[in-house]
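Right, one structure below, let's go through it.
The values are calculated or read from the model by the stated rules, or taken from the named source; none is laboratory data. Owing to the predicted nature of the structure, the values given are computational and were not obtained by experimental measurement. As a convention, Cβ positions derive from the backbone with ideal geometry for all residues, glycine included, and neighbour counts pool all protein chains shown. For accessibility, only protein heavy atoms count, side chains too; no ligands or nucleic acids. Shrake-Rupley method; radii C 1.70, N 1.55, O 1.52, S 1.80 Å.
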Amino acid sequence: MVEVIFATPGLPLDKKFTIEPCNAPSGYKKHPKHTQNTTLHNNSPLYFQPLAMSIPSSPSEFHSGSPLPEACQPHRAETPPIRSYVRRQGKMTTGQRRALAEEAHRWVVPFEGKPLSLSTLFENSHPVVLEIGFGMGETTQAIAQNQPEVNFLGIEVYTAGIGSLLNRINQANLGNIRIIQHDAVEVLEQAIEHSSLDAVHIFFPDPWHKKRHHKRRLIQSGFAALLASRLKPGGILHCATDWEPYAQQMLEVLSDCPLLCNTSEGYSPRPSYRPLTKFESRGLRLGHTVVDLVFSRRLTSPPSQTAS
């Protein structure tokens, strides 16, 4: 027979129960990984059959009258926030790794959870465009190169994409791009001040095709209100997608946002400043529909329509 002590850190060792070797219950099979630690000194298998045990239903049963220490209180993990992306470690090229090592200190801005001074960040007072999810940076580079008088702040969570854009910045000798590697929602909530952006670009966000994943889509009513609150009056929100059901949801959500108004009747023609990417060109050849939506922040805000 073996005596086992049931203990909780920081509490008296006064709860015990006993076990003894027994035959395996019907259908029971030892896991091979446990073989080493489930034998007695005589090498006979050990299966647990409680004989007399008193296991408390809650930690508070250890004490009578005195409160539990804080460290021993039951802990319930908070429900993690729903993300519009899944973190994964993609392969990086040698060039991307080199760019991260040599160029990140110049162009990548650490997220500190406090408001950014955009004029200080870019060392000028030019208009600022926020791009969410720039991927490998092809479009970002093209637009920034054609608009040197505009500042571009790109948000991306994937390291390979950041390395790729850093390479493009270096090759094109651009100075009007900065990068933040962090969740876009938290950046907007904590780092971007109200009415500070001239435009927001969201090109081809993950459509999350399956219905059970639609809650992960970036364009939702709450996020639309947050985006609108960070735009200057008259500022532009430009979205693009090649997934028609997501385009319909975007149109509905953005049209319902009181701070925004559609610049077109329904979908918009592709603005000339947004170039066709290789991925998009291939999709068009395959018959995919690419949709642009361009909304602007109303010049006067409806009463009681603000986002924190």
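Tell me which residues, restricted to the stretch 254-295, are modelled with pLDDT under 95, open to solvent by less than 60 Å² (accessible area, probe 1.4 Å) and of a type in the set (S, T, N, Q).
Result: T277, S281.
L227 - would you say it is of a type in the set (A, V, I, L, M) and part of a loop (DSSP other than H, G, I, E, B)?
No.
Before we move on, is L251 of a type in the set (A, V, I, L, M), open to solvent by 10 Å² or more (accessible area, probe 1.4 Å) and not in a helix (DSSP H, G or I)?
no
Residues that are closer than 28 Å to L254 by Cα and of a type outside the set (D, E): list the helices (runs of 4 or more DSSP H) wholly contained in the stretch 118-218 that include at least 2 such residues.
138-146, 184-190
Looking at A172, A184, which is the one that is surrounded by fewer than 19 Cβ atoms within 10 Å (Cβ to Cβ), in contact (Cβ under 8 Å) with a residue 12 or more places away in the chain and aliphatic (A, V, I, L, M)?
So the residue among A172, A184 that is surrounded by fewer than 19 Cβ atoms within 10 Å (Cβ to Cβ), in contact (Cβ under 8 Å) with a residue 12 or more places away in the chain and aliphatic (A, V, I, L, M) is A172.
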